[in-house]
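A.B. asks: This structure is in structure tokens; I'll ask about it shortly.
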Amino acid sequence: MLFRPKFLASAALLSFSANFAHADAHANVTSETIVASVDGSNITLGQIVMLRSQLPEQYQQLPDDVIFNGLVEQLVNQQLLGNSLDVEPKRISIAISNEVRSMRASEVVNTFTSAPVSDTDLQAAFDTQFSDIEAEAEYNASHILVETEEEAVEIKAMIDDGADFAETAIEKSTGPSGPAGGDLGWFGPGMMVPAFEEAVLLLEANAVSAPVQTQFGWHIVKLNEVRVTPRPTLDDLRAELTASIQQQGLDALIMTLTESANITLPEEGQFDFSLIQNLQLLED
């Protein structure tokens, strides 16, 4: 994008404004101030500023003079190449119309995404969506999974006799958590199959269940720890609620505009959907 090799350019084709190059810092410049010119086609300060704002972050860290000179060179080279185009393909005007439509719509979207949302509206949205949410328990458990009830009963007896649960899981468990000592990590209600969850809910911390059958086999379950997830606060959800309110405003605007607009849509069967792959249409 930046600092491309220089193309052959005659000095007669390219002229820089000496007044701009040495302009006083307090000079009265605008977006229309001419920075360079190629065969009468002007390159303006506004064009440079816009391009600079769109550069990837790594380029924006460069000194201003390096960026400025690189962008001027890039635009001059583009203008030279563009001037050499004898016939402008139809796809250029199509692409421009798409880009203009997108940019105009983006300006409207930005008014919603940048507009502040009042604390009153945030509180109302929070109360509507989250006032009924209660603090929820989460469980940390381990298990040993085997194929038969007989194996499960035997392993439960081993644990009751003092065998280390994690070491036994490494040795006996057929589940993917076996190599980790049967550790399943943290999970909340509804994340495990019902029979397994019911067994967990009946246990106290560090207790081990009797054999439990699920569609995966037979489990010996150990409850390691229980914690309560605090109820979310307005500050926790401020960004999420703000985005939601802004999106609702945008959706309402689109609905209002749709209702008042004269919109014609393609009828079913009117177009062959495969036509969207026909690049030749951009050349006709």
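The values are calculated or read from the model by the stated rules, or taken from the named source; none is laboratory data. Just so you know, these numbers come straight off a predicted model, no measurement behind them. Neighbour counts run over all protein chains shown; Cβ positions are idealised from the backbone, glycine included.
A.B. asks: Report whether or not residue 269 is surrounded by fewer than 10 Cβ atoms within 10 Å (Cβ to Cβ) and small (Gly, Ala, Ser).
C.D. replies: Working: surrounded by fewer than 10 Cβ atoms within 10 Å (Cβ to Cβ): yes; small (Gly, Ala, Ser): yes.
Against the criterion (surrounded by fewer than 10 Cβ atoms within 10 Å (Cβ to Cβ) and small (Gly, Ala, Ser)), residue 269 qualifies.
A.B. asks: Keeping to region 255-279, report how many residues are of a type in the set (Ser, Thr, Tyr) and within 31 Å of the chain's Cα centre (by Cα).
C.D. replies: So the answer is 3.
A.B. asks: If you go through region 126-139 one residue at a time, do you hit one that is β-branched (Val, Ile, Thr), in contact with a Lys or Arg (Cβ under 7 Å, 6 or more places away or on another chain) and farther than 20 Å from residue 225 by Cα?
C.D. replies: Checked region 126-139: at least one residue is β-branched (Val, Ile, Thr), in contact with a Lys or Arg (Cβ under 7 Å, 6 or more places away or on another chain) and farther than 20 Å from residue 225 by Cα.
A.B. asks: Of the conditions (1) under 31 Å from the mean Cα position of the chain (by Cα); (2) surrounded by 14 or more Cβ atoms within 10 Å (Cβ to Cβ), residue 123 fails just one. Which one is it?
C.D. replies: Failed condition: (2).
A.B. asks: Further question on the same structure: Quick one: is residue 213 crowded, with 17+ Cβ neighbours inside 10 Å, out of contact with any Gly (no Cβ under 8 Å at 6 or more places or on another chain) and in contact (Cβ under 8 Å) with a residue 60 or more places away in the chain?
C.D. replies: In short, no.
A.B. asks: For region 216-237, what are the residues that are of a type in the set (S, T, N, Q) and without any contact (Cβ under 8 Å) to a residue 40 or more places away in the chain?
C.D. replies: Within region 216-237, just 233 meets the criteria.
A.B. asks: Go through region 140-155 residue by residue and tally those that are surrounded by fewer than 18 Cβ atoms within 10 Å (Cβ to Cβ), out of contact with any Lys or Arg (no Cβ under 8 Å at 6 or more places or on another chain) and either of a type outside the set (Val, Ile, Thr) or part of a strand (DSSP E or B) (or both). Show your work before the answer.
C.D. replies: Our first condition is that a residue be surrounded by fewer than 18 Cβ atoms within 10 Å (Cβ to Cβ); within region 140-155, this holds for 140, 147-150, 153-154.
Of the ones still in play, those that are also out of contact with any Lys or Arg (no Cβ under 8 Å at 6 or more places or on another chain) are 147-150, 153-154.
Then keep just the ones that are either of a type outside the set (Val, Ile, Thr) or part of a strand (DSSP E or B) (or both); that gives 147, 149-150, 154.
Total meeting the criteria: 4.
A.B. asks: Among 29, 76, 87, 38, which is the only one that is surrounded by 12 or more Cβ atoms within 10 Å (Cβ to Cβ), at pLDDT below 95 and among the β-branched types (Val, Ile, Thr)?
C.D. replies: On the way: 76 fails: at pLDDT below 95; 87 fails: surrounded by 12 or more Cβ atoms within 10 Å (Cβ to Cβ); 38 fails: at pLDDT below 95.
Among 29, 76, 87, 38, only 29 is surrounded by 12 or more Cβ atoms within 10 Å (Cβ to Cβ), at pLDDT below 95 and among the β-branched types (Val, Ile, Thr).
A.B. asks: Could you grab me the full set of residues in region 227-273 that are part of a helix (DSSP H, G or I) and at pLDDT below 90?
C.D. replies: 273, the sole residue that qualifies.
A.B. asks: Of 256, 264, which residue is closer than 30 Å to residue 113 by Cα, among the β-branched types (Val, Ile, Thr) and exposed (fewer than 10 other Cβ atoms within 10 Å of the Cβ)?
C.D. replies: None of the other options fit; the residue is 264.
A.B. asks: How many residues, within region 69-119, are within 30 Å of residue 248 (Cβ to Cβ), outside any helix (DSSP H, G or I) and touching a residue at least 12 places away in the same chain (Cβ under 8 Å)?
C.D. replies: Final tally of qualifying residues: 2.
A.B. asks: Is there any pair with a first residue in region 178-204 that is charged (D, E, K, R) and a second that is surrounded by 13 or more Cβ atoms within 10 Å (Cβ to Cβ) whose Cβ atoms are under 7 Å apart and which are 6 or more apart or on different chains, and what are they?
C.D. replies: 183/142; 183/177; 204/223
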